[in-house]
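The values are calculated or read from the model by the stated rules, or taken from the named source; none is laboratory data. As the structure is a prediction and not an experimental result, all values here were calculated from the model. Heads up, the Cβs are rebuilt from the backbone with ideal geometry, glycines too, and the neighbour counts pull from every protein chain shown.
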Amino acid sequence: MSVLNKEKLDSFFIIASCFNKALGSVPILYGSLGLSKAIATDLKTDDIDLLVEDCIFSTRLSEIRALMEEMGFVLIVPKENKFQRGELEVGISHDVDMIEFSGVDPSALEVVELPAKYRVLNAQEYLKTYKASSLDGYRRVKASVKAAS
């Protein structure tokens, strides 16, 4: 694993541990960093993506934001709950749409206990998610904007 990905993963563990203690949340390691860990391949990762249980996200978003600020992050895109600390960006969302969107049940994901308690997708679950993402208009537009810049 590259030094940058290890730093991102270590940061995720710190965030997950904080969310475990303060919110009772068991977040999902998501996005390219989660995929990199799932397939044991060092992928280029731009940020940390994590999903929080909808029952926590929808009722305690202000607490989530306050916890991130306590860890030195600044909210840079409120609509997307995207935070930044130095060069590190973290995106936080809810897990409510996973079943409808990709057929992946967040409550059935593997739970890892160390160094923090968090959930992970396996390679097959990532395949379902990325196939669904490739058909999602929002993701295609976002990817084309990113490619153009």
### Query
residue 100 is checked against (1) modelled with pLDDT of 95 or more; (2) over 17 Å from residue 29 (Cβ atoms) and fails just one. What number does that condition carry?
(1)
### Query
In region 21-59, which residues are in a loop (DSSP other than H, G, I, E, B), within 21 Å of residue 100 (Cα to Cα) and touching a helix residue (DSSP H, G or I) at 6+ places or on another chain (Cβ under 6 Å)?
27
### Query
Out of the residues in region 32-81 that are of a type in the set (Lys, Arg) and over 22 Å from residue 107 (Cβ atoms), which is surrounded by the fewest Cβ atoms within 10 Å (Cβ to Cβ)?
79
## Note on the structure
When region 59-75 is checked residue by residue, the ones that are within 16 Å of the chain's Cα centre (by Cα) and either among the aliphatic types (A, V, I, L, M) or under 16 Å from residue 22 (Cα atoms) (or both) are 61, 64, 65, 67, 68, 75
### Query
Here are some conditions: (1) in contact (Cβ under 8 Å) with a residue 12 or more places away in the chain; (2) surrounded by 12 or more Cβ atoms within 10 Å (Cβ to Cβ); (3) in contact with a strand residue (DSSP E or B) (Cβ under 7 Å, 6 or more places away or on another chain); (4) not in a helix (DSSP H, G or I). Residue 12 meets all but one. Which one does it not meet?
(4)
#### Entry: residue 6 vs. criteria closer than 18 Å to residue 114 by Cα and exposed (fewer than 14 other Cβ atoms within 10 Å of the Cβ)
yes
### Query
Just checking, which of 26, 3, 74 is touching a residue at least 60 places away in the same chain (Cβ under 8 Å), farther than 21 Å from residue 127 by Cα and not polar (S, T, N, Q)?
26
### Task
Determine if region 124-144 includes at least one residue that is assigned to a loop (DSSP other than H, G, I, E, B) and modelled with pLDDT of 95 or more.
no
